[in-house]
Every structure is written in structure tokens, then in C-alpha cells.
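Q: Below are the C-alpha cells for one structure; questions will follow.
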Amino acid sequence: MGRIGAIGRGMNDPARRAALDCVLAVEVDGAYANLVMPAILRQARLGGREAAFATELAYGTLRMSGLYDAVIAHAANRRPDSLEVPVRAILWLGAHQALSMSTAPHAAVSETVDLAKDSGAGRASGLVNAVMRRIVERDREAWLAVVASGNGRAAVATRHSHPEWIVAELERSLAARGRSGEIESLLAAHNVPAAVTLAARPGLTDRDALAQATGGDRTTLSPYGVALHGGSPRGIADVEAGLAGVQDEGSQVVAAALASERARAFTAGERWLDACAGPGGKTALLGALAAGRGAHLDAVELHEHRVRLVEQNVRALPGGTVDVFTGDSTTWNGGPYDRILIDAPCTGIGALRRRPESRWRRSAEVLGELTSLQAALVGHAAEILAPGGVIAYVTCSPVVAETTDIVAASGLQLLDARAAVAEVTGTENDAWGTGPDVQMWTHVHGTDSMYLALLVHA
């Protein structure tokens, strides 16, 4: 059953009710918080500070629920998963207010108890009151000393509210890049919500004008990016018209790197392919760059609903620049192509700051399925690559199995992707590691942890 508006219509605190609705939609119905929350806020008629409070309460609760489970387990002297889901969610919300939102202890207790009563969980209000009273006896740092002391992996995972298997994979990835010892900085960066970043699509709109119109700042790395200081991109004229779109700065850079002169010298009439096009942010940026260079872009997406998103994203591009297809890029018969972007389906571990619940949705077991798909995508792209062509293999995951292992097994030759990234960002090659591939890091670059390898036939 959907959870929007299902909780306590008569409550006196609609912001906390909205946060609980969101958490339950995620936990019970499998919803995505960023998709369901706007509808909840509209139905509750919340805006401004109330909407911001409800959003931070819901998203922060979902993000940090691993830590809060450890706190609740100690405070309640029972396994959190033995609690009914609404009661557990209410306690998460209370713990977040008490430990991460500077809510006064007495208010955190009373508001959480009231939420239990008004949301239909009144029979558990005594339990909620007792557990919350124990939680507010300690501040966050004191609780961390109790439930997550030391530097072992389990403690680090609890402290930063990540599954242990993700911490293990990130430790391995960092070590492979000479960054051992940075795991806590990376995990902490995942717990800071990402700013909304726009891509001003070249030839369609001007970045400086977009920054001025939105009050945003030009991004440091992408020559097309504008970082907003807050609020929603809804209602921004260029976004509504398709002249700009929401896109992480790192995502902008890796897409533009494929279109750079350093990736491949330009020739007339090039054919490009975006092999995993949905939802279309990279497609639109590549399409805009293609239009400026007389190239043509085919965009292929497996899922029909995502095809519609791609079409929406490229609607403002000059006619004839981009063709969008529903298809499977492990068997796609187009080509040959001079430049191919494979933004491969992956665990998304490099973008955990974007969806608060995403870290809890993945499991280590999914890696095998994903790496098989990633290898198949690269293998088929090599078959439809034109002589002298280049493949950009991209993931929003730094996991070794999804990045360097896939590239090593491909049998393709690596170009120095640092040169292409340096061209796009106006930096030096050495700023991007030892090469030949490039790994961005959230805690270092302020982007999603994007991976880029440029591949050619040996």
C-alpha cells in the first residue's frame, strides 16, 4: 500500500508526519526517497523551512539508519529488526533529531512520542518514550564511543552508517589508488548531501548567464557546470526548456572527455553512440557537443520508461543530431561508431550521497551480475567500434571489480584518459593520478566518484 498521506492526517506536526511518510514509503513500499518526497510535501502543503526540515529529517534518517540501529539496540536492549517497522522508523527519526539535528533533548523525546501516538503506533508510545529517554542521555560523540569505538571495519561502518561490504570494497579501491587511510574521509563525504549541479548545454545556453539567473556558482572542474546554493531546479527557465539539466559535475567531465580532441582527433561526419543512455543527462551534453562539431549521436536505452526520459532530455537539441532507440547495447547492430560512451549499470557506490537509501539497497551478491553485464557491454562495443575509434568506459562506482578488472579483461588498449580530463577541466595530467585511467573521489574532487577509461583496439 502506498504511504503518501497514509499517516495521521490529524497530526499537529505535518513536517514530522511527512518525514515519517517518506521513510515508510522507502522501507515498506520500496520507494526512492527523492522521487516520493516531493509528492508528500505537495500533499501536506509544506514549503520553505517546513519542507526543508521534513526533507532533512527523512533523508538524514534514511542515510544514518545503520548508526541509529546500533544506538537503538543498546538503548532498547533488543534487536531493532524485532520492532514493528513503523516503530523502528519513528525511533530512527527521533534519534536523528536528538543526535544530528540539534533538537533539544526534551523536544526530541516529546515530539517522537507524539508522532507514535498520532501515527497509529500509540500502543508502542511507552516503549518509544523509554528508548528515546535513554538515547538523549548521551550526545552523538558519546554514543559513537559506545557503539562504534576503535578503527576496525565494523566500527568504521557503524560510525559512518555504511554496510560493511561497501566499506570493504571502498578500502580496496582506495588502496589500489594509493589512498589507503582515506576511508573515513570518503565515508564522511557520502553523508553530506550533494548540491544540485546544472549542466549548461553548449550551443543552447550560456553558463555565465545561467549562473547569474540562478544565483549559482560556476563549477571548478566542468566548463559547463553551475552549482546551486539550494532549492529545487524546478521552475528554472533553462531547465524547463531543456537548455540545461541536472547533472553531477563529475558526470559532465567524463562525458565531455570522450568528445575531446585528446580522446580522438576530430574528423568530419563522426558517428557517436551513447550505449546506456537513460535517463539522458550525459546524452544531452554529448548531443550538444556533437551538434557543435557536425557529429551524429545514437542513444540506446534498454528500458522503455527511461527512453522517454532520454527523449525529454534531448528535446532542445537541433533536429537530426540525436536519434533515440529502445535496444540492448550488448547486441546493438548499429555502427561503426567513432566514439562510444558506456555509462555502465553499476552498484552506484560512488554516488551514495545522492540517494539516502541506496547504500542499504545493494548487496555484495549483485556484483557478479553487474560485472558480467559490464564485460558484455565493453565486448560488444569493441565489435562496433570504427577503426581509430575510442570507447569511454564510465561507472559511478570506484569498485575494482567494476572498473580496472573490467578494463583489464577487455583485451583493449588504454589511452591516457588523464589528458582528456585535463583538456576538459583546464588542469594538468598529474592532477588525475598516475593513469592511464582516471578515478574521481567524492572527498577529494567534490564530485561523485566517477571512473573513466578510454579504450581503443590494440
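The values are calculated or read from the model by the stated rules, or taken from the named source; none is laboratory data. On a predicted model such as this, the values are computed, not experimentally measured, just so you know. When we count neighbours, we look across all protein chains shown, and the Cβ atoms used for this are built from the backbone with ideal geometry, even at glycine.
Q: Applying the selection to the range 296-317, what residues are without any contact (Cβ under 8 Å) to a residue 40 or more places away in the chain and more than 18 Å from His380 (Cα to Cα)?
A: Within the range 296-317, His296, His303, Glu304, His305, Arg306, Val307, Arg308, Leu309, Val310, Glu311 meet the criteria.
Q: Does Ala189 count as small (Gly, Ala, Ser), over 29 Å from Gly435 (Cα atoms) and at pLDDT 95 or above?
A: When the stated conditions are applied, Ala189 does not pass them.
Q: Moving on to the next point. Of all residues in the range 134-159, count the ones that are within 22 Å of Ala401 (Cβ to Cβ) and not hydrophobic (A, V, I, L, M, F, W, C).
A: 1
Q: Could you list, ordered by first residue, the pairs with Cβ atoms under 8 Å in which the first is in the range 147-172 and at positive phi and the second is surrounded by 14 or more Cβ atoms within 10 Å (Cβ to Cβ) and in a helix (DSSP H, G or I), at least 6 apart or interchain?
A: Ser161/Arg63; Ser161/Ser65; Ser161/Gly66; Ser161/Leu67; Ser161/Tyr68; Ser161/Arg359
Q: Residue check: is Glu240 surrounded by fewer than 16 Cβ atoms within 10 Å (Cβ to Cβ), under 25 Å from Leu99 (Cα atoms) and among the acidic types (Asp, Glu)?
A: The answer is no for Glu240.
Q: Also, quick follow-up: Among the residues of the range 336-350, is any closer than 16 Å to Leu455 by Cβ, of a type in the set (Val, Ile, Thr) and either surrounded by fewer than 17 Cβ atoms within 10 Å (Cβ to Cβ) or assigned by TED's automatic domain parsing to the domain that holds Ala409 (or both)?
A: Yes; the residues of the range 336-350 include at least one that is closer than 16 Å to Leu455 by Cβ, of a type in the set (Val, Ile, Thr) and either surrounded by fewer than 17 Cβ atoms within 10 Å (Cβ to Cβ) or assigned by TED's automatic domain parsing to the domain that holds Ala409 (or both).
Q: Another question, if that's okay. Take the residues in the range 127-144 that are touching a helix residue (DSSP H, G or I) at 6+ places or on another chain (Cβ under 9 Å) and not aliphatic (A, V, I, L, M), then tell me which one is farthest from Val156 (Cα to Cα).
A: Applying the filter and picking the extreme gives Asn129.
Q: Can you name the residue in the range 332-355 that is among the basic types (Lys, Arg) and in contact with a Phe, Trp or Tyr (Cβ under 7 Å, 6 or more places away or on another chain) and, of all such residues, is nearest to Ser161 (Cα to Cα)?
A: Arg355
Q: Tally up the residues in the range 135-146 that are in contact (Cβ under 8 Å) with a residue 60 or more places away in the chain and more than 29 Å from the chain's Cα centre (by Cα), please.
A: Number of matching residues: 2.
Q: A follow-up question, please. Regarding the range 1-13, can at least one residue be identified that is over 20 Å from the mean Cα position of the chain (by Cα) and at pLDDT 95 or above?
A: Among the residues of the range 1-13, not one is over 20 Å from the mean Cα position of the chain (by Cα) and at pLDDT 95 or above, which makes the answer no.
Q: Which residues, taken from the range 442-458, are surrounded by 24 or more Cβ atoms within 10 Å (Cβ to Cβ) and of a type in the set (A, V, I, L, M, F, W, C)?
A: Passing the criteria: Met450, Leu452, Ala453, Leu454, Leu455.
Q: Is one or more of the residues making up the range 283-293 in the same structural domain as Pro345 (by TED's automatic domain parsing), surrounded by fewer than 24 Cβ atoms within 10 Å (Cβ to Cβ) and assigned to a loop (DSSP other than H, G, I, E, B)?
A: yes
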